[in-house]
Amino acid sequence: QFSELSWDEQYKKLKAYKNTHTTLKVEKDHDEDLHKWVLKQRTALRRHFEGKPVNLSEDRLKKLVDLGWQKGQDKTKGKCNVRDLANEEKRWNENYQQLIRYKEENGHMWFGRTYVKAEDAHLRGWVAMIRKEYQKLQNGEQSNLAAIQMKRLSDIGFDFNPRKLKNNTSNDKRWEVNFQLLKEYKERQGDFTLRKGEDRKMIRMIKRIRLDYKKKQRGDRSGLTDERIANLEEIGFDFQRKETPYKVRDVPRSWEERFQQLLQFKEEHGHCLVPQISGGILGEWVRRQRCQYKKLMASERTSLTHEKALRLSSIGFCFDASSRFKGTIRTIQK
């Protein structure tokens, strides 16, 4: 139990902290004593909200509630908890400003199931939460969405109840968003070739467009209109699937022919570090030589003879190249 002076002093410190930081969440590295005191007050409040006895007077409990702590509900555990209204308001304002920034950059506040930048992923979840809280109000349920918050969102054109994507208007809205994402993808990648490690949602969207294009060519029902096809053609969209750089089929050639190609590569670039990912067939052959060399050193069965290994060494071939040497050379002379 805290003495009158100690409790009052800590309370004043917390009140001053809130005025400065707009939150009741005190980090340990900021003020360890105040941090521990805050944890004890939250524990006492939670017990009080649960109807259990605590070592705090009604006056002190009221002061803590007036400061910004209120009764809440832990949705995952189904137990009573303590809500920090000041911290919730601070985070809400931060998300609100980020939503304004998102609208300025993209011209809308719509978050579909397609590609979303990493820095905006949490914003999509926040927007979904806002709409969920709004739906609670519509159903007459208790909601954490305040009237002032609804007004601020309405002022920037936020749609609390977006229509499901079933009619043409909503489909047009979704198409505009996806088309913008495609343009951004083209700016980043330079083309619409699907690359290994690319965002799965973006890959599905590109594949879907190509599939719809094939349907339209056959005269089947398709989501692609002539206008949309024209828009895609303007940004250089390739409706035919391209062979990705990491799926180049090898053409059977002798070891000597590949070795001569490697000599030519060295003459042009000054080294034998052929990119494995974007180096085409020669890059794949170089990778196999390194694998075969490891087997040779381990006295395992291999197609690489000591004579071939010496010839590779004589031209400066690196049998243990680091991944940092993998470049982005698109084409290698066959």
Check: Does segment 306-322 hold any residues that are free of Cβ contacts under 8 Å to residues at least 24 places away in the same chain, of a type in the set (Gly, Ala, Ser) and surrounded by fewer than 16 Cβ atoms within 10 Å (Cβ to Cβ), and which are they?
Finding: Ser313, Ser314, Ser322
Notebook entry, point to check: Of all the residues that make up segment 178-200, how many are open to solvent by 70 Å² or more (accessible area, probe 1.4 Å) and touching a residue at least 24 places away in the same chain (Cβ under 8 Å)?
Noted result: 2
Notebook entry, point to check: Residue check, Gly236 against (1) of a type outside the set (A, V, I, L, M, F, W, C); (2) open to solvent by 90 Å² or more (accessible area, probe 1.4 Å); (3) modelled with pLDDT of 85 or more, all met but one. Which one?
Noted result: (2)
Item checked: Residue in segment 158-169 that is at pLDDT 80 or above and either open to solvent by 30 Å² or more (accessible area, probe 1.4 Å) or in a helix (DSSP H, G or I) (or both) present -> yes
Next item on the list: State all residues of segment 265-305 that are without any contact (Cβ under 8 Å) to a residue 24 or more places away in the chain and either touching a Leu at 6+ places or on another chain (Cβ under 7 Å) or under 30 Å from Leu194 (Cα atoms) (or both); if no residue qualifies, say none.
Entry: Glu268, His269, Arg287, Arg288, Cys291, Gln292, Leu296, Thr302, Leu304
Next item on the list: Could you pull out the residue among Arg195, Arg221 that is at pLDDT below 85 and touching a Pro at 6+ places or on another chain (Cβ under 8 Å)?
Entry: Arg195
Next item on the list: Could you please find all residues in segment 98-131 being closer than 29 Å to Leu64 by Cα and without any contact (Cβ under 8 Å) to a residue 24 or more places away in the chain?
Entry: Met129
Check: Could you say whether any residue in segment 115-127 is open to solvent by less than 70 Å² (accessible area, probe 1.4 Å), closer than 24 Å to Ser154 by Cα, out of contact with any helix residue (DSSP H, G or I) (no Cβ under 7 Å at 6 or more places or on another chain) and not hydrophobic (A, V, I, L, M, F, W, C)?
Finding: yes
Next item on the list: Give the residues of segment 264-286 that are modelled with pLDDT under 85 and open to solvent by 30 Å² or more (accessible area, probe 1.4 Å), sorted by residue number.
Entry: Gln276, Ile277, Glu284
Note to self: I'd like the full set of residues that are of a type outside the set (A, V, I, L, M, F, W, C) and open to solvent by less than 30 Å² (accessible area, probe 1.4 Å), limited to segment 201-233.
What the structure shows: Arg210, Asp212
Checklist line | Hey, Glu300 open to solvent by 40 Å² or more (accessible area, probe 1.4 Å) and part of a helix (DSSP H, G or I) or not | finding: no
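The values are calculated or read from the model by the stated rules, or taken from the named source; none is laboratory data. Everything numeric in this text was worked out from a predicted model, so none of it was measured. Here Cβ is always computed from backbone atoms with ideal geometry, including for glycine, and neighbour counts include all displayed protein chains. Heavy atoms of the whole protein, side chains included, go into the accessibility calculation; ligands, DNA and RNA do not. Shrake-Rupley method; radii C 1.70, N 1.55, O 1.52, S 1.80 Å.
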